[in-house]
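The values are calculated or read from the model by the stated rules, or taken from the named source; none is laboratory data. Model, not experiment: these values are computed from the prediction. Cβ atoms come from the backbone with ideal geometry, glycine included; neighbour counts cover every protein chain shown. Note: areas computed on protein heavy atoms with side chains; ligands, DNA, RNA excluded. Shrake-Rupley method; radii C 1.70, N 1.55, O 1.52, S 1.80 Å.
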Amino acid sequence: AQQQGTPLSNQEYRQFFRYLRTAHRVTTSCHLRELYGCHNSVIQRLDEYENHGVIPEGPICSELPGAPSFPDFCTFALYRCTRKRYFIKV
């Protein structure tokens with residue numbers, strides 16, 4: 001079992017996005033995120049699922065060249081949506 005608040009493993013990410021890819025769910029979830037930010041209950045559940053039950057608080061570090069950190073998980077997730085780089089982990 002993974003510790004709450006940690007990102008999904010590579011295998012868990014594949015499963016997570018496999019579910020979202022069906023019926024264009026990634027596009028829909030990104031559109032909801034753009035419209036409502038992290039206040040949408042569906043988005044909050046996805047963010048919690050992606051992080052083993054807890055949405056990380058505070059700054060988020062990333063492996064992205066030129067974008068090493070984000071002020072919070074919502075900003076990081078929105079960045080991934082706008083850049084269509086869904087598999088970027090923190």
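Worth pointing out:
- Accessible solvent surface per residue of the stretch 10-83, calculated while the other protein chains remain in place, 1.4 angstrom probe, Å²: 63 Å²
- More than 15 angstrom apart: percent of Cα pairs within the chain: 58 percent
- Cβ-Cβ FRET estimate between residue 54 and residue 13, R0 fixed at 22 Å, reported to 0.05: 0.85
- Net dipole in debye of the chain [+1 Lys, Arg Cβ; -1 Asp, Glu Cβ; about Cα centre; nearest 20]: 480 debye
- Protein accessible area in the stretch 10-83, 1.4 Å probe - carbon and sulfur %: 54 percent
- Working from Cα pairs under 8 Å separated by at least six residues, relative contact order for the chain is 30 percent.
- Of the trypsin sites (Lys or Arg not before Pro) in the stretch 30-90, those whose Cβ has at most 15 other Cβ within 10 Å and which sit in DSSP loop: 84, 85, 89
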